[in-house]
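Presented below is the structure to which this report refers.
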Amino acid sequence: MINIFIENDSGKRSALEVPTDMGFSLMEILKAYEYDIQATCGGMALCATCHIEVLEGMEKLPESNDNELDTLDTLPNADANSRLSCQLRPSDEMDGLVIRLKALQEA
Amino acid sequence: MIHTDICIIGAGPVGLFAVFEAGLLKMRCHLIDALPVVGGQLAEIYPQKPIYDIPGAPAIIAEDLVDNLMKQIGEFRPGFTLGERVEALEKQEDGSYIVRTNEGTGVHCQVVVIAAGLGSFEPRKPAVEQLEYFEGKGVHYMVRKPEQFRNRKVVLAGGGDSALDWTIFLADIAERVTLVHRGDTFRGAPDSAEKVYDLAGKGKIDLILQAQVNKLGGNGVLKEVSILGNDKSVTVVPTDDFIPLFGLSPKLGPIADWNLGVEKSAVVVDTFDYSTNIERIYAIGDINTYPGKLKLILCGFHEAAIMMQSAFKYVYPDQKLSFKYTTVNGVNPF
Ligand SMILES: Cc1cc2nc3c(=O)[nH]c(=O)nc-3n(C[C@H](O)[C@H](O)[C@H](O)COP(=O)(O)OP(=O)(O)OC[C@H]3O[C@@H](n4cnc5c(N)ncnc54)[C@H](O)[C@@H]3O)c2cc1C
Ligand code: FES
């Protein structure tokens with residue numbers, strides 16, 4: 001179990017307890033906690049509706065693969081801290097990660 | 001004015017198959033879609049992916065499923081209005097409807113079927129100062145007629161395939177083409193990326209990497225774009241046309257304002273016949289919701305079959321419908 005923090009628009013952070021041994025993607029965890037992300041492609045790195053911004057801990061994450069980068073390229077507001085949450089598998093190294101849900105602002 | 005029995009909003013797989021189910025009951029259809037092509041999510045999001053859960057087709061590429069659906073409904077000669085978004089429904093005194101699009105097209109029909117999926121696909125807009133002000137005055141989200149850019153100064157933004165493809169295409173037509181991209185590499189089709197670097201190397205286009213357009217300027221019409229580099233440098237480029245190409249994303253749009261029951265961006269229907277809370281309006285496929293709803297193509301097909309049986313009474317009020325298999329009568333074109 002690790003902790004991942006979600007920052008909302010007013011800067012408030014809430015902690016999520018995230019299992020690292022169940023094979024869920026971060027997108028699936030966010031859905032399980034009933035965050036309002038669409039994830040219409042179900043985690044295929046196609047729809048970009050699971051877009052997040054990494055506020056702290058970018059260095060803890062593995063690099064994006066080509067599929068993820070291709071899809072991020074189609075977003076007008078992606079930047080160097082953008083990731084697709086469906087492409088991230090929580091691991092022990094990610095403890096303390098701080099993210100913001102960007103897809104919500106795109107809607 | 002176009003006259004038909006059934007107007008279908010959305011030409012995704014479910015809207016397309018609904019034409020077949022209507023045709024078996026001798027009801028004519030007209031489809032309207034905001035996308036310039038048919039196929040909905042299959043065409044826009046995953047044309048090359050295989051689908052495994054279409055009965056009778058162990059694996060089928062999304063694009064091929066759309067082609068097959070078009071073949072299957074061809075005999076029923078549906079009408080299409082593509083590239084226009086449905087904005088309004090106008091109820092007539094006799095209960096029929098006129099469906100209106102943003103381009104002023106009107107479709108008069110007895111029954112409206114909303115097969116709008118996740119909503120209409122709209123361009124993703126970048127955060128650029130004055131962007132909306134210059135829409136129609138130099139800002140375009142699609143290239144419809146490349147000739148309109150002849151001898152003009154065009155700035156494109158984006159890093160995907162369409163930004164690359166249009167940069168290459170317009171390089172021969174426009175006076176000057178500038179492509180602005182946030183990153184420093186392109187992962188679109190390797191050929192296209194290669195061509196763009198080559199054109200830039202030869203001085204035929206301007207390529208500005210690691211930068212974003214952040215401001216538009218002009219006096220009534222677009223005159224220049226301001227480009228902010230990741231290193232905080234600012235470049236101002238004289239521009240007649242700015243074309244941001246960041247793909248499309250679905251938005252529920254006007255459907256939300258039609259007084260239908262809407263829950264979590266989906267239209268509530270009665271599972272008896274997939275009717276909405278308004279008579280003569282049905283909703284099928286990803287756009288509807290009911291207890292146990294599954295957003296699958298197969299479920300949308302089932303809903304289309306049931307819904308058309310119910311719609312029959314509005315198109316043929318004097319006839320009684322008796323259910324028959326296609327194997328009994330075959331498929332009778334009109
Ligand atoms: C990556 C991915 C993989 C998938 N894989 C599968 C799979 O393997 N099997 C499966 O069964 N399902 C799969 N799905 C789900 C499937 O694609 C949807 O269930 C299906 O597309 C729904 O069809 P539809 O016709 O209801 O809507 P859509 O395909 O969303 O089509 C709706 C159309 O309506 C148009 N529209 C909406 N509003 C308006 C308006 N106001 N005016 C004009 N036009 C409008 C839109 O532009 C769109 O073209 C997948 C989805 C994705 C994203
Ligand atoms: S869920 Fe579609 S890109 Fe992540």
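The values are calculated or read from the model by the stated rules, or taken from the named source; none is laboratory data. Because the structure is predicted, anything quoted here is derived from the model rather than measured. For neighbour counting, all protein chains shown are included, and Cβ atoms are generated from backbone atoms with ideal geometry for every residue, glycine included.
Assorted remarks:
- For region B:22-60, a residue qualifies if it is among the hydroxyl-bearing types (S, T, Y) and either surrounded by 20 or more Cβ atoms within 10 Å (Cβ to Cβ) or within 16 Å of ligand 2 (Cβ to nearest atom) (or both), and exactly one does: B:Y46.
- Taken together, the residues in region B:58-102 that are away from ligand 1 (no atom under 13 Å from the Cβ), free of Cβ contacts under 8 Å to residues at least 24 places away in the same chain, under 20 Å from B:L16 (Cα atoms) and not in a helix (DSSP H, G or I) amount to 0.
- Taking the criterion of being within 28 Å of the chain's Cα centre (by Cα), in a helix (DSSP H, G or I) and among the charged types (D, E, K, R), the residues of region B:155-209 that qualify are B:D161, B:D165, B:D191.
- Some residue of region A:39-55 being away from ligand 1 (no atom under 16 Å from the Cβ) and exposed (fewer than 15 other Cβ atoms within 10 Å of the Cβ): no
- Output for region B:103-115, where each listed residue is within 20 Å of B:G23 (Cα to Cα) and either of a type in the set (G, A, S) or in a loop (DSSP other than H, G, I, E, B) (or both): B:Q110, B:A115
- Just one of the numbered conditions (1) surrounded by fewer than 19 Cβ atoms within 10 Å (Cβ to Cβ); (2) away from ligand 1 (no atom under 16 Å from the Cβ) is not true of A:P76: (1).
- Scanning region B:12-48 for residues that are assigned to a loop (DSSP other than H, G, I, E, B), within 14 Å of chain A (Cβ to nearest Cβ) and more than 6 Å from ligand 1 (Cβ to nearest atom) gives B:P47, B:Q48.
- Residue match in region B:140-152 (condition: at pLDDT below 95 and either of a type in the set (G, A, S) or closer than 30 Å to B:E279 by Cβ (or both)): no
- Members of region B:279-299 that are acidic (D, E) and within 16 Å of ligand 2 (Cβ to nearest atom): B:D286
- Extreme residue, surrounded by the fewest Cβ atoms within 10 Å (Cβ to Cβ), among residues of region B:286-315 that are of a type in the set (V, I, T) and under 23 Å from the mean Cα position of the chain (by Cα): B:T289
- Any hit, region B:128-149, residues being in contact with a helix residue (DSSP H, G or I) (Cβ under 6 Å, 6 or more places away or on another chain) and of a type in the set (S, T, N, Q): no
- Residues that are of a type in the set (D, E, K, R) and more than 16 Å from ligand 2 (Cβ to nearest atom) within region A:60-99 comprise A:K60, A:E63, A:D79, A:D92, A:E93, A:D95, listed in sequence order.
- Within region A:46-96, being in a strand (DSSP E or B) and more than 10 Å from the chain's Cα centre (by Cα) holds for A:L55, A:E56.
- Inside region B:194-215, residues that are within 14 Å of chain A (Cβ to nearest Cβ) and surrounded by 19 or more Cβ atoms within 10 Å (Cβ to Cβ) make up a count of 4.
- Residues being within 14 Å of chain A (Cβ to nearest Cβ) and part of a loop (DSSP other than H, G, I, E, B) - total across region B:117-142: 11
- Residue among A:E53, A:E28 that is among the acidic types (D, E), under 30 Å from B:G117 (Cα atoms), more than 13 Å from chain B (Cβ to nearest Cβ) and within 13 Å of ligand 2 (Cβ to nearest atom): A:E28
Yes/no per residue for (1) without any contact (Cβ under 8 Å) to a residue 40 or more places away in the chain; (2) crowded, with 24+ Cβ neighbours inside 10 Å; (3) away from chain A (no Cβ under 14 Å):
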site	(1), (2), (3)
B:K145	yes, no, yes
B:G159	yes, yes, no
B:D165	yes, no, no
B:T185	yes, no, no
B:S192	yes, no, no
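- Meets criteria (more than 27 Å from A:T71 (Cβ to Cβ) and buried (at least 20 other Cβ atoms within 10 Å of the Cβ)) for B:Y325: no
- The set of residues in region B:312-330 that are at pLDDT 90 or above and closer than 16 Å to B:F20 by Cβ comprises B:F312, B:V315.
- Hey, B:E63 at pLDDT below 95 and either within 16 Å of ligand 2 (Cβ to nearest atom) or among the charged types (D, E, K, R) (or both) or not: no
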